[in-house]
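Shown next, in structure tokens, is the structure this report addresses.
Here, each number is a calculation from the coordinates, and none is a lab measurement. Since we're looking at a predicted model, the values are computed, not measured. Virtual Cβ from ideal backbone geometry, glycine too; neighbours counted across all protein chains shown.
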Amino acid sequence: MTMTKGPGPRAVCFKIFMNLQPHRLRTSIGGSRLLRYQISAYVCCPRCFAAKTNSSTRRWRGTFGPPLGAGATSCAAVSGDQIPGGGLVTTGHAPGLALAALSNSLVIECETGNYHTFCPISCVSWLYQKIEDSFFLVIGTKTCGYFLQNALGVMIFAEPRYAMAELEEGDISAQLNDYEELKRLCLQIQQDRNPSVIVWIGTCTTEIIKMDLEGIAPSLEEECGIPIVVARANGLDYAFTQGEDTVLAALAQRCPEKIEALAGPRDTCPSLVLFGSLPSSVASQLTLELKKQDIIVSGWLPAQRYSDLPELGPSVYVCGVHPFLSRTATTLMRRRKAKLIGAPFPIGPDGTRVWIEKICSVFGKTPQGLQVREQEIWNSCEDYLELVRGKSVFFMGDNCLEISLARFLARCGMIVYEIGIPYMDKRFQAAELNLLFETCQFMNLPIPRIVEKPDNYNQVQRIRELQPDLVITGMAHSNPLEARGISTKWSVEFTFAQIHGFTNARDILELVTRPLRRNGALRSFDEFSSGGSALDTSLLATSDKSKSLQTSSTSLKSHVW
């Protein structure tokens, strides 16, 4: 096992897993398991599903509506999943009749089950900068190293606080002792950098060869005298941004326990801890916004230093800022007994306002000036809003931010055809789904269809049929769609941009409108060029006609003469 630091060969390795024609596969939604077939039309209720698959033995339970033959005569008669706003959970996924998916109910589907996303180990790129006294050790193969070196792009002179432990043949074939190899690397890191904590990032390879990182870490931590946190960020089980979720869930176990007062009444104002990695400037903005409402934030997870991790306990309220931190939220509630505040996420001025209002309601505070503040932000973005009103957008799914971004763009006046998302915890995002439904009703827009783990082949067919003005997608599909005349935007840019809070709404709209403005300018240039050519041709034809008339007139005069 060797350790490499800094950038190496400039190479990019992307893998696209695409199920082109899924004829039969098994999926699981809401606790029910069912067989699903590729069909030729959009399925909207269990009765239609049975008719299309010619099967009368499929069992629909709980959230899937009544069983077959229970009196469901139409799609409107079928009860929906327990999603705020009401809506039907369906498993139809064929591209035909894609416009039928735009309705007045919230539709959630699940397709192939493959993650068509960026690799989750990329979370190292922002977490090692956020936790200033940490060191991240990614344990994987050369492919992981090439990915990190190209995705992060950090020069070797910067001495980044992360390294790659490359597994060699001896490690994979169990000829070498994993404990001794990792001990050697950790001692070297401790001697060179002296971090406060070492974070091991497991990859696909460590999962496949069954490397027991959780079993090795406690003994090695005691021997080396430095905390070692283990987080699994393999692409087999997690989507792009869920790498941060696993790291924060592991760090939540290391937060100190809050000591309650032994005498006297408890504090009238309980503690509030926010979890989610944000740039320091954005975190300070959200902290100040809550301070204006007389709410003090006692800590952030992660903190800038490992020694400053917030205290947790039964009297602590926690609230997330990212929609992909469901594992962290579960750990905080079940393991650390904290109280979770279920609120939409502070993305866009509308989401930020509702996020603050929800926290104020829990703490018994009356929000002050939030409506005025939100309206000021919308007024300042009017130049961008004129460009996006009435335009349509399609999310293919990559970074698990799609629900929040779709809700914000719907509030801006855009029509959202479909929201593809790699993974969605409906309990953790219940408030966000409710706000999405309310926003679409407020803007008098059709409710978008939500597709979890979408099949890219079917999505491309739906895009070809719907012809949206903008597609927010991963890098693998951007150029092919652009070649077919579809404006695209990389979803990874929203992950690394500052999109939280009131003041960053213009940054979101700048990212969204950039391809629209660019392609609009190109179309205008093409029209101008084609118009100029047509003008030149008409002038040339007029000149030739005048010459012919002049020649005929001269010949006539000569003949008369």
Q: Take the Cβ-Cβ distance between E311 and Q191 as r, set R0 to 51 Å, and report the resulting FRET efficiency rounded to the nearest 0.05.
A: 0.95
Q: Would you compute the Debye intensity of the stretch 228-355 from its alpha-carbon atoms alone, equal scatterers and no solvent, and pass along log10 I(q)/I(0) at q = 0.10, 0.14, 0.21 Å⁻¹ to two decimals?
A: -0.32, -0.63, -1.35
(Q) Below 17 Å, Cα to Cα, which aspartates and glutamates can K258 reach? Residues fewer than 8 away in the same chain don't count. (A) D267, D308, E311
**Q.** Net charge, A233 excluded, C-beta distance under 12 Å - Lys, Arg +1, Asp, Glu -1
**A.** -2
Q: With a ≥ b ≥ c taken as the square roots of the eigenvalues of the C-alpha gyration tensor of the stretch 363-425, please select rounded if a/c is under 1.5 and otherwise prolate if a/b is larger than b/c or oblate if it is not?
A: oblate
Q: May I ask which of K453/K489; K130/K291; K339/K453; K183/K210 have a Cα-Cα span longer than 24 Å here?
A: K339/K453
Q.
Sort V492, V199 by Cβ crowding within 10 Å, fewest neighbours at the top.
A. V492, V199
Q | Ascending count of other beta-carbon atoms within 10 Å, so fewest first, for I201, I208 | A | I208, I201
Q | Net +/- balance of residues flanking G397 in space, Cβ distance below 13 Å, scoring K and R +1, D and E -1 | A | -4
Q) Which value in Å is the Kirkwood Rh of the stretch 382-535 over different Cα pairs? A) 16.2
Q: Name the long-range amide H neighbours of V451: under 5 Å, sequence gap of 5 or more, or other chain; modelled H, no Pro or chain starts.
A: E109, I419, G420, I421
Q: Take the stretch 343-467, drop everything but the C-alpha atoms, weight them equally and run the Debye formula without solvent; then report log10 I(q)/I(0) at 0.10, 0.12, 0.19 Å⁻¹ to two decimals.
A: -0.34, -0.48, -1.09
Q | Alpha carbon centroid spacing (whole Å) that separates the stretch 268-335 from the stretch 386-431 | A | 25
Q. Which value results for Rg/Rh of the stretch 185-281 when Rg is the Cα radius of gyration and Rh the Kirkwood radius based on the inverse mean 1/r?
A. 1.07
Q: Report the net charge of residues surrounding Q253, where surrounding means a beta-carbon distance below 9 angstrom and charges are Lys +1, Arg +1, Asp -1, Glu -1.
A: +3
